[in-house]
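*Asks:* What follows is a single structure, and I will ask about it in a moment.
Every number in this text was worked out from the coordinates using simple rules, so none of it is lab data. Worth saying up front: this structure is predicted, and the values here are computed from it rather than measured. As a convention, Cβ positions derive from the backbone with ideal geometry for all residues, glycine included, and neighbour counts pool all protein chains shown.
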Amino acid sequence: MTTVHHNESRTEDARFPVPRPDEAHWPGLATPPRSPVRAAVAERLFRHAVSTLPVRVVFPDGTVLGSGDRHAPVMRLVRPANVFHRLGADAKIGFGEAYMTGDWTTGPGTDLADLLSPFAARMSSLIHPALQRMRHLVERTQPMGEVNTKENSRHNISRHYDLSNQLFETFLDETMSYSSAWFEPGDSLVDAQLRKIDGVLDLARVGEGMSVLEIGSGWGALAIRAAQRGARVTTLTLSSEQQALARVRAEDAGVAHLVDVQLCDYRDARGQYDAVVSVEMIEAVGEEFWATYFSALDTLLAPGGRVGLQSITMPHDRMMATRRSYTWIHKYVFPGGIIPSIRSIEDNLAAHTTLSVVERRDLGPHYAVTLQMWRERFIAEWPSLEGAFDGTFRRMWEFYLAYCEAGFRSGYLGVSQLGLARDPFPR
């Protein structure tokens, strides 16, 4: 379990006191890198970018930028110089870090996702295309130590999923599902998560007596649900925290005899299974290993079997433009990750497997609702975590959940359930 502590100092925002990062746990975060030239360029670009956004950006002296009216979401620059120095050093990381450190925050009554959504909606056009073509000159690329080799993948996964089971229990529902739900009117989060799980199992045609391989266990919800259908499930994770809790949950559900939770990389899986399922795990595979991942699905699937896959997606042109970028999400949340496009999934299937997409269900707006509910629960339950995590972590987690919610709200991100099968009439 990761613990981070420090003494918070109160600020103007009493609802969310702004933390001062402890150097012992957040080295180099409290003080932004200084480059007057880069900061000046960043300020000019920022002012131009927000001038047409339906928001209000308020400076300490009362200056207001943006095209939003008095009802628009408010971004309050607490320490503008720090914000622009961080943006100048690395815009994709500095924006989130400036929120973590309280250099900017939301105005009274403004929800963070409401503020971030206009930015997400214009993500591809905030910066002039001519300047975007020069991004490789200033942006960092993903470090080699986070490329998802077998050696690195365990560490990458551990950095997020081994934070502590207590953390995830505070905001996930009782199924402990950490992926998009599928809502119908009147659903609770539990109802919507069970519908999502059943949707994936149905795509893979999971039923009584079948052998099922799951790549990416989570905390066991899908494996348990499959076992309750009478299937025998082998489920793989790289998180020791997840493995331990998933085993307990399978035991409590009375299906431990049907669920084998293994600490195992998908590249080491052997055998063949009647069905293979994988929910929002492909995002952690890495582009360099997509061919390996899809080949594994093909190899591990028995003749006549089906694959049920759920994946976050993004438009192909945006994926291609940003696939080498090292972002705030990589640094603080999901090291080594990359979100595929539907086209990249189909291209890899065609090039490296005998499988193709035969069914598809899109749930993008459902993920925005899921993330909103998670964030509300996280904020409400935060007092139970204060002894284990500090205020900087809290703002980091709020930003992560709101940032993702904004991406799905705006359509910049999507999520799809895909049914994969072999062509019954191969050419």
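*Asks:* Have a look at His160, His71, His48 and tell me which one the Gaussian network model of the chain (Cα, springs below 10 Å) gives the largest fluctuation.
*Replies:* Judging by the Gaussian network model, the answer is His71.
*Asks:* Pop a pseudo-label 7 angstrom from the Cα along the beta-carbon direction at both Ala302 and Arg122 and give the gap in nm to one decimal.
*Replies:* Once both label points are built, they end up 5.6 nm from each other.
*Asks:* Who wins for biggest fluctuation among Ala246, Ala351, Ala296 in a Gaussian network model of the chain, springs between alpha carbons below 10 Å?
*Replies:* The residue that fluctuates most here is Ala351.
*Asks:* Does the stretch 164-256 come out rounded, prolate or oblate, given a ≥ b ≥ c as the square roots of the eigenvalues of its C-alpha gyration tensor, rounded meaning a/c under 1.5 and, failing that, prolate meaning a/b above b/c?
*Replies:* It is oblate, given that a/c is not under 1.5 and a/b is not larger than b/c.
*Asks:* Please arrange Cys264, Cys404 by counting, for each residue, the other beta carbons lying within 10 Å of its beta carbon, fewest first.
*Replies:* Cys264, Cys404
*Asks:* Please compute the modelled spin-label separation between Met320 and His160, points set 7 Å along Cα→Cβ, answer in nm with one decimal.
*Replies:* Spacing of the two 7 Å Cα→Cβ label points: 2.6 nm.
*Asks:* Farthest toward the dipole's positive end in the chain, which of Ser416, Gly271, Ser179, given Cβ charges of +1 (Lys, Arg) and -1 (Asp, Glu) about the Cα centre?
*Replies:* Farthest towards the positive pole: Ser416.
*Asks:* Report the one residue of Ala388, Leu301, Gly337 whose Cα lies farthest in the direction of the positive end of the charge dipole of the chain (charges on C-beta: Lys and Arg +1, Asp and Glu -1; origin at the Cα centre).
*Replies:* Going by the Cα projections, it comes out as Gly337.
*Asks:* Normalised radius of gyration for the stretch 317-427, please: alpha carbon Rg relative to 2.2 N^0.38 Å, two decimal places.
*Replies:* 1.37
*Asks:* Sticking with this structure for a sec: Could you give the nm distance between label points at Ala351 and Glu169, where each point is 7 Å from its Cα heading toward the beta carbon?
*Replies:* 4.4
*Asks:* I've got another one for you. Angle, helix 112-121 long axis vs. longest principal axis of the chain, Cα atoms, 0 to 90°, nearest 10?
*Replies:* 80
*Asks:* Specify the angular offset, from 0 to 90 degrees and rounded to the nearest 10, of the alpha carbon long axis of helix 150-161 from the longest principal axis of the alpha carbons in the chain.
*Replies:* Helix 150-161 sits roughly 60 degrees off the main axis of the chain.
*Asks:* Can you compute the radius of gyration and Dmax for the stretch 224-306, using only the Cα atoms, both in Å?
*Replies:* In Å, with Rg to one decimal and Dmax whole: 13.3, 39.
*Asks:* Divide the volume of the convex hull of the Cα atoms of the stretch 51-127 by its number of residues and quote the answer in cubic angstrom per residue.
*Replies:* Value for the stretch 51-127: 91 Å³ per residue.
*Asks:* Follow-up. Multiplying the sequence separation of Asp111 and Ser35 by 0.36 nm and subtracting their Cα-Cα distance, what value in nm do you get?
*Replies:* Full-extension gain reported as 24.2 nm.
*Asks:* Whole angstrom only: what separates the Cα centroid of the stretch 289-364 from the Cα centroid of the stretch 157-173?
*Replies:* With the stretch 289-364 and the stretch 157-173 each reduced to a Cα centre, they are spaced 24 Å.
*Asks:* Something else now. Roughly how tilted is helix 342-352, in degrees to the nearest 10 and between 0 and 90, from the longest Cα axis of the chain?
*Replies:* Once rounded, the angle reads 40 degrees.
*Asks:* Full extension from Ala388 to Ala81: what is 0.36 nm times the residue separation minus their Cα-Cα distance, to one decimal in nm?
*Replies:* 107.4 nm
*Asks:* At each listed q (0.08, 0.11, 0.14 Å⁻¹), what is the log10 of I(q)/I(0) that the Debye formula gives for the chain modelled as equal alpha-carbon point scatterers?
*Replies:* Computed log10 I(q)/I(0) values: -0.46, -0.86, -1.34.
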